[in-house]
Every structure is written in C-alpha cells, then in structure tokens.
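Visitor: Quick one: the structure is below, questions incoming.
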Amino acid sequence: MHSDTRAIHAARHFPHGAVVPPVNFTSTYEMDIDTVSAPYAYQRGSNPTRDCVETVIAALEDARHGFAFATGMAATHAVFSLLSAGDRVLLPTNVYGGTFRYVEKMFPRLGLEGVFVDNLDELTDDDLSENTRMIFVETPGNPTLRIADIAHLAGLAHRHNALLVVDNTFMTGLLQRPLEHGADLVVQSATKYLGGHSDLLAGAVTTNSDALAEQIALSQKVHGGVLDPFTSFRLVQAIKTLPLRLERQQENARALIDHLEAHKGISRVLFAGSYSEHERQVHASQASGIGAVFSFELAEGYHLQAFLHALELPAFAVSLGGVESLMCLPASMSHDGMTQEARDRAGITDALVRFSAGIENIADLTADFDQALTSARTI
Ligand SMILES: *Cc1c(COP(=O)(O)O)cnc(C)c1O
C-alpha cells in the first residue's frame, strides 16, 4: 500500500463495524482475578485508542514501532532519556528553539553535555569523542532550512556506537523517511503537519529497533507524557487528510517562493535545498519534496513592521503545518529560547520571517503578499 492509502487504512476493523476508532476513556481495566492479567491494565501504559494512532504513525513511514506523546517536546524528552550522565550529544545550531532550551537548561543538571555544531555535514570521525552517544538533527533545520545528510550522519554515529535521531516534523514520513537512511529514531511534533489544523498538541517517536522501542515504551510509563485517548482519536482522523493537505501546502509554498524570489521587495528566500547545490542534492536524495515552510527577508527600502501589519491572510503566530498560513519572526518567537550568540551562529536574524504555507487559494496568497509589499515600501 502507498502511504496515502495507509494514512486512511492502517488502523481499522473496530467493534460493531465502526469505520472510525472508538475513544476509550477508561483509565483502568478489569483484570482476571486468577491470573491478574488483562490486555490493557491502565491508560498510561497503553490503551486501544492510543494503540490505534501509534499504528498509524508507524505505518506512515513503514516503521516497526510508533509511539504517541502528549507533545513533540515529550517525544524529544523520551529520546533524550535514553542517555546517561556523562554522555555527549551533538546537535546543529539551527535546531527547534524548544530543543535548544532543553539542552541549555536541563542537560547540565542531568550531567549531559550538548555540543552545538554549525555544519553537521562537516563532522568527521575525529569530532566524535569517546562519550558521544547521540547525534540529534533536524533536516530541513528550523528556521533556516539547512539540510543535513542523514546517511552520512548515521554512518558516523554508528561507527562510534552512537544513535542518530532525526526530528522529522517539517517533512513527515510522507516526504522523508529517515529510518530508511540509517537513523535509529525519528521524533516529530504531531502538533504541526500530522494534526494539521492548529487545534491539538501531540508528539511521535518511530523506530525499527525492538530494543529502542522497549526503552521508549518505558519512558511512556515512567515519565507519563502520553497522548490522551481523545486527542489520539482526533489525530487518527487528522492524519487521513495529511497527504492531501501537504500536497496543497507544498504547491502553495513552491509558488510563493517563485513569486517572492522574483520580487524586488525580497532580498532572500530560504527553503529546503536553497543554501547550496550540495544541500539541494542531499535533500533530493533523501526527501521527495521541499515541504511547505520557507523563510525570507525583505529588501532594503521595505519596512518589516508595515509589511507584517499589511498582510491579511497569514496569522502572525508561532507553529506551522496548519491548513491556515502562519508566519512568525523566529528570533523573537519560536527561537527566543536561544541565546543571541546561538541565533547569530545559526543565521537567524531579527528580520527573518518564517512562513508556513496553508491550503488557501494561491492567487489570494500571492495577491496578499503583493499588496503588503507595496504598502511596506518606504522609498
Ligand atoms: C514544534 C516543534 C517541536 C515541539 O513540538 P511541540 O508539539 O510544540 O511540543 C519540536 N520540533 C520541531 C521541529 C517543531 O517545530
């Protein structure tokens, strides 16, 4: 089956012939008194509705195991909890602001060491110390859309007995399947494209390793950051239209990028593969599209505040992946958890605008950009 079919049919055959899954709200389950056992015991450990969304999450990228968490950060937390005091993690400088905050604020007290690297593709075996246990990468990176070579990093990590984790939020399993390129674990903020309607929080972890799956399930039990039954149900329903939504979002993003690149009011547009020919080739080899997030800066002579005020369709808000177009200023919004120095190194300027294309009619989006650019002209 193709992934767009799997998005709809991965979980099915529910009681009474229902075509959508039942929502099992019960927190606890009756057990057999003699054997003290039951298929389900307590909602935190597992429950049928979460099982259902976890099946769909795994099926989307053909993974052996899928896990659903209450948020993307809870998923990231489960992955970081595979580490032990003394371990080192390598991350790119352009990483999600919340992940940066986790490393800056929590790693020291856990005895973990997080090392930020400007260009992960330039890493060599010499850069991986004895205690390097994990490379955690986002590709495309947020919000500058830099690309990292997943297979290269997997090889590097595995030669040093380390894990490669990929945050695949921007691509989803429909456009990029890191496990097939050697990644050990994939995390996603399902709040973004999988949910897709800016109305729920969720996180996902996938892996093909039984041993790692056992550890992630342990984190669900121990830390308890699991997805509740109702949101699990809503996520199952949302994922059914993910292929259609993402296709339209990506088409809109592509058209807007072309339009903006040709507009004299825009000085640069950043999107997956735009940084260099090398990154374009790497991205093309490991993903089947550019996704629907891009960033841009206005040219001199155009006033940023005036432009943002004049745009009528996109909501000025953090987050991405919704059916409505969203825009934000990463430096002061999504990436305010980063230090100024880290933002400078990652190329996240104060004037950089990140745009997440929705599914609106492209003619309306283009017209909106045009009128906003016209009214933002100062010369
Ligand atoms: C939003 C986001 C997260 C965190 O997800 P939440 O659901 O907000 O906790 C992690 N990684 C990336 C790339 C994100 O965009």
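The values are calculated or read from the model by the stated rules, or taken from the named source; none is laboratory data. If you're wondering where the values come from, they're calculated on a predicted model, not measured in any experiment. Here the Cβ is made from the backbone with ideal geometry for all residues, glycine too, and neighbour counts use every protein chain on show. Each accessible area value is taken on the protein alone, full model and side chains, heavy atoms only, with ligands, DNA and RNA left out. Shrake-Rupley method; radii C 1.70, N 1.55, O 1.52, S 1.80 Å.
Yes/no per residue for (1) assigned to a helix (DSSP H, G or I); (2) open to solvent by 10 Å² or more (accessible area, probe 1.4 Å); (3) hydrophobic (A, V, I, L, M, F, W, C); (4) in contact with a strand residue (DSSP E or B) (Cβ under 6 Å, 6 or more places away or on another chain):
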{"residue": "R12", "(1), (2), (3), (4)": "no, yes, no, no"}
{"residue": "V23", "(1), (2), (3), (4)": "no, yes, yes, no"}
{"residue": "Y40", "(1), (2), (3), (4)": "no, yes, no, no"}
{"residue": "V56", "(1), (2), (3), (4)": "yes, no, yes, no"}
{"residue": "A59", "(1), (2), (3), (4)": "yes, yes, yes, no"}
{"residue": "V89", "(1), (2), (3), (4)": "no, no, yes, yes"}
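Residues checked against (1) outside any helix (DSSP H, G or I); (2) out of contact with any helix residue (DSSP H, G or I) (no Cβ under 7 Å at 6 or more places or on another chain); (3) away from the ligand (no atom under 15 Å from the Cβ):
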{"position": "V282", "(1), (2), (3)": "no, yes, yes"}
{"position": "E300", "(1), (2), (3)": "yes, yes, yes"}
{"position": "V318", "(1), (2), (3)": "yes, yes, no"}
{"position": "S332", "(1), (2), (3)": "yes, yes, yes"}
{"position": "M338", "(1), (2), (3)": "yes, no, no"}
{"position": "R345", "(1), (2), (3)": "no, yes, yes"}
{"position": "T349", "(1), (2), (3)": "yes, yes, yes"}
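Visitor: When Y96 is evaluated against the numbered criteria (1) within 27 Å of Q281 (Cα to Cα); (2) open to solvent by less than 40 Å² (accessible area, probe 1.4 Å); (3) within 12 Å of the ligand (Cβ to nearest atom), which criterion, by number, is the only one it fails?
Guide: Unmet for Y96, out of (1) within 27 Å of Q281 (Cα to Cα); (2) open to solvent by less than 40 Å² (accessible area, probe 1.4 Å); (3) within 12 Å of the ligand (Cβ to nearest atom): (2).
Visitor: Looking at N119, N161, N208, N131, which one is open to solvent by 10 Å² or more (accessible area, probe 1.4 Å), on the phi > 0 side of the Ramachandran plot and away from the ligand (no atom under 13 Å from the Cβ)? Can you show your working first?
Guide: Details: N119 fails: on the phi > 0 side of the Ramachandran plot; N208 fails: on the phi > 0 side of the Ramachandran plot; N131 fails: on the phi > 0 side of the Ramachandran plot.
Result: N161 is the single residue among N119, N161, N208, N131 that is open to solvent by 10 Å² or more (accessible area, probe 1.4 Å), on the phi > 0 side of the Ramachandran plot and away from the ligand (no atom under 13 Å from the Cβ).
Visitor: Being within 22 Å of A357 (Cα to Cα) and either more than 18 Å from the chain's Cα centre (by Cα) or open to solvent by 30 Å² or more (accessible area, probe 1.4 Å) (or both) is true for just one of S219, S198. Which residue is that?
Guide: Details: S219 fails: within 22 Å of A357 (Cα to Cα).
None of the others qualify; the one that does is S198.
Visitor: Among the aromatic types (F, W, Y), open to solvent by less than 20 Å² (accessible area, probe 1.4 Å) and closer than 23 Å to A346 by Cα - does that describe any residue in the stretch 290-311?
Guide: Going through the stretch 290-311, the residues among the aromatic types (F, W, Y) turn out to be 294, 296, 302, 307.
Applying the additional criterion that residues be open to solvent by less than 20 Å² (accessible area, probe 1.4 Å) yields 294, 296, 307.
Narrowing the set further to residues that are closer than 23 Å to A346 by Cα leaves 294, 296.
Scanning the stretch 290-311, I find at least one residue that is among the aromatic types (F, W, Y), open to solvent by less than 20 Å² (accessible area, probe 1.4 Å) and closer than 23 Å to A346 by Cα, so the answer is yes.
Visitor: Within the bounds of the stretch 245-264, is there any residue that is part of a strand (DSSP E or B) and not hydroxyl-bearing (S, T, Y)?
Guide: Within the stretch 245-264, the first condition is being part of a strand (DSSP E or B), and the residues that meet it are none.
No, the stretch 245-264 has no match at all.
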